[in-house]
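The values are calculated or read from the model by the stated rules, or taken from the named source; none is laboratory data. Remember, it's a predicted structure, so these values are computed and weren't measured experimentally. Please note: Cβ atoms are built from the backbone with ideal geometry, for glycine as well, and neighbour counts cover all protein chains shown.
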Amino acid sequence: MEWADFLQSFANGLLIAGLYAAVTLGLTLVLGVMGIVNFAHGEMVMLGAYNTFWLFTLLGIDPLLSIALSGLLLFFIGLFIYRFTIRPILNDPPINQLLLTLGISIFLQNLAMILWKTDSRSVITSYSGMSLSLGAVNVGMARLLTFLIAVGLTLFLLFFLYKARPGKAMRAVSENNTASWLIGINVQKTYLLAFGVACALAGASGALVSTIMYTYPMVGFKLSLKAFCILVLGGLGNIPGALFGSLILGLTESFVGTYVPQGSGWAEGISFILIMVILIIKPTGLVGTRRE
């Protein structure tokens, strides 16, 4: 084994794991607080990526500076979607919730195709071609900045959940919404805020996606598959587990791409293999507990 190749693969896996974690945070939040699997989460990421692309193309705003704008836009889109689609079916059977979010996902995908066609678009910045050499490891500047911002988003969410009053309310509702209501927490407003924050995180992660991946209508669907794999790996609705699952998936994809023959093709499908293995061995996830 060449240690240079190993270290490079490890670095690549770690950097992409940061992006996967950022993409998965909002999905994990909605599932943990509301108990809903949001199949439209990837399309929120896609909208954030397109918003960043157009801000860069039309106004020249750097994609890393437009993260807040994308997050804010998707926050209000999330509030609208929750108020007029999610809220009316909160007490319906889970299959209705799944079908609704799947329908929203398909609608947004087709809307993006109508508005922006199926062309793959990219954001080329002054630092897109820059790299940083750390001994035997070369790290792309865009990937490094994306990773650092993804870590920042994760720390922000954890701080919000454990220190801010609305975040503490979300944690209480996730544990027991009836008891939370009895002690004076407005459960409906907490759900509304949780969905809005989740969409804001998706929009912010979409801005990151636009810097290192192509932006096209199906990019959210592709990332959703990886996010669901991470949920299975880390346990449903478990944020620390989502971080762990992101690390496992990112490193696995990187090492498979390096050491397995024709590994680039296998790396894209490794998430499905991991899902099958984990569901067979430990259905609650590697660090998760069973949800009632």
**Report entry** Test for residue 147: is it under 19 Å from the mean Cα position of the chain (by Cα), aromatic (Phe, Trp, Tyr), farther than 30 Å from residue 185 by Cα and surrounded by 14 or more Cβ atoms within 10 Å (Cβ to Cβ)
**Finding:** yes
Query raised in the report: Considering 196, 167, which residue is in contact (Cβ under 8 Å) with a residue 60 or more places away in the chain and either in contact with a Ser or Thr (Cβ under 6 Å, 6 or more places away or on another chain) or over 20 Å from residue 17 (Cα atoms) (or both)?
Result: 196
**Report entry** Qualifying positions in the range 245-269 - modelled with pLDDT under 75 and among the aliphatic types (A, V, I, L, M)
**Finding:** 267
Report summary line: Flagged in the range 204-219 as part of a helix (DSSP H, G or I) and either more than 13 Å from residue 116 (Cβ to Cβ) or among the polar types (S, T, N, Q) (or both), in numbering order, are 204, 205, 206, 207, 208, 209, 210, 211, 212
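For every residue, the table says whether it meets (1) part of a helix (DSSP H, G or I); (2) modelled with pLDDT under 95; (3) under 24 Å from the mean Cα position of the chain (by Cα); (4) over 30 Å from residue 189 (Cβ atoms).
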| residue | (1), (2), (3), (4) |
| --- | --- |
| 91 | no, yes, no, no |
| 110 | yes, no, yes, yes |
| 126 | no, yes, no, yes |
| 132 | no, yes, no, yes |
Requested in this report: Quick one: residue 148 ticks every box in (1) within 22 Å of residue 212 (Cβ to Cβ); (2) in contact with a Ser or Thr (Cβ under 7 Å, 6 or more places away or on another chain); (3) hydrophobic (A, V, I, L, M, F, W, C) except a single one, so which number is it?
Outcome: (2)
